[in-house]
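Worksheet: the structure to be examined is printed underneath.
The values are calculated or read from the model by the stated rules, or taken from the named source; none is laboratory data. Small disclaimer: the values here were computed from a predicted structure and weren't measured. Every residue, glycine as well, gets a Cβ built from its backbone with ideal geometry; the counts of neighbours run over all protein chains shown. When the accessible area is computed, the model is the full protein with side chains, heavy atoms only, and any ligands, DNA or RNA have been set aside. Shrake-Rupley method; radii C 1.70, N 1.55, O 1.52, S 1.80 Å.
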Amino acid sequence: MQLPPEWTAIVFETIGSTNDEALRRAEAGAPEGTVIVSRQQEGGRGRRGRTWTSPPGNAYSSTIIRPRCVPERAAQLGFVTALAVCDAAAAGLPGERAIRLKWPNDVLVDGAKISGILLESAMAADGSVEHVVIGTGINVAVPPPAGVATYAAACLHDLGDRRDAPEVLHAYLAALAVRLAQWRQGFDGTRADWLARAAWLGERVAVSQGEIRIEGRFAGLDADGALLLEPSDGPPRRIVSGEVFRPVG
Ligand code: BTN
């Protein structure tokens, strides 16, 4: 696989989780740009402790980054990664497909989720982020099994993309290198590009945080990436975690 200069891919046929392997290697001193790739995963992990079903045909990777920044800034890497997936998807999908980004880091094509992003990090003794593992699963040829996903989901092949998993993975890693370089200049460019592709910007959304659910107008992103929500009956809120969806009715 051709990678950005200075990056190294370690490719597995089968693995438990590429994130687990990348976290182990980061802990052992693997340099930034080490990418763990596997054709399938037997223990793929999603956000909130969920399982990420990982059959052959899709693209699974975990990239080690050593940002040495504060945790709030490292959290912006979710936007960076979503933009890279978006760039990679746009390069292979027919032009009429609508690619949108759902806060914080989901990529939707015609309203269906085509990828998952799991960022995991470790702190240095000085309180900075020592390393981040950017785990990405892109549904290339196989959508999630029926009944598993609690949201609309799809794979790139069903949406008209003819590339195979290695081709999509290569496009994604090349885009990730470009998006990381943009982010290193500051968050403004990443923020503006993310907002230009944001799903439901200016519209009414609901945010669930465990048992709590808040509704309001999605007014934008704060300077650090927090979602700005304007409830109809209260002051504007900064949302730093939660799941965003369209309220029914
Ligand atoms: C989500 O729940 O949306 C995030 C899913 C992240 C899945 C990817 S696949 C590659 C990497 N290895 C894992 O075990 N998880 C991430």
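State yes or no: is GLY225 among the small types (Gly, Ala, Ser) and in a loop (DSSP other than H, G, I, E, B)? The answer is yes for GLY225.
Do we have any residue at all in segment 59-70 that's in contact with a helix residue (DSSP H, G or I) (Cβ under 6 Å, 6 or more places away or on another chain) and more than 10 Å from the ligand (Cβ to nearest atom)? Yes, that holds for at least one residue. Taken over segment 33-53, residues that are more than 8 Å from the ligand (Cβ to nearest atom), open to solvent by 80 Å² or more (accessible area, probe 1.4 Å), of a type outside the set (S, T, N, Q) and part of a strand (DSSP E or B) amount to 1. State whether one or more residues within segment 18-32 are within 8 Å of the ligand (Cβ to nearest atom), within 24 Å of PRO145 (Cβ to Cβ) and open to solvent by 30 Å² or more (accessible area, probe 1.4 Å). Yes, that holds for at least one residue. When we screen GLU96, GLU72, GLU32, GLU27 for residues that are in contact with an Asp or Glu (Cβ under 6 Å, 6 or more places away or on another chain) and acidic (Asp, Glu), the only hit is GLU72.
Going by the structure shown, is GLY92 surrounded by fewer than 24 Cβ atoms within 10 Å (Cβ to Cβ), at pLDDT 95 or above, in contact with a helix residue (DSSP H, G or I) (Cβ under 8 Å, 6 or more places away or on another chain) and more than 19 Å from LEU169 (Cβ to Cβ)? Against the criterion (surrounded by fewer than 24 Cβ atoms within 10 Å (Cβ to Cβ), at pLDDT 95 or above, in contact with a helix residue (DSSP H, G or I) (Cβ under 8 Å, 6 or more places away or on another chain) and more than 19 Å from LEU169 (Cβ to Cβ)), GLY92 does not qualify.
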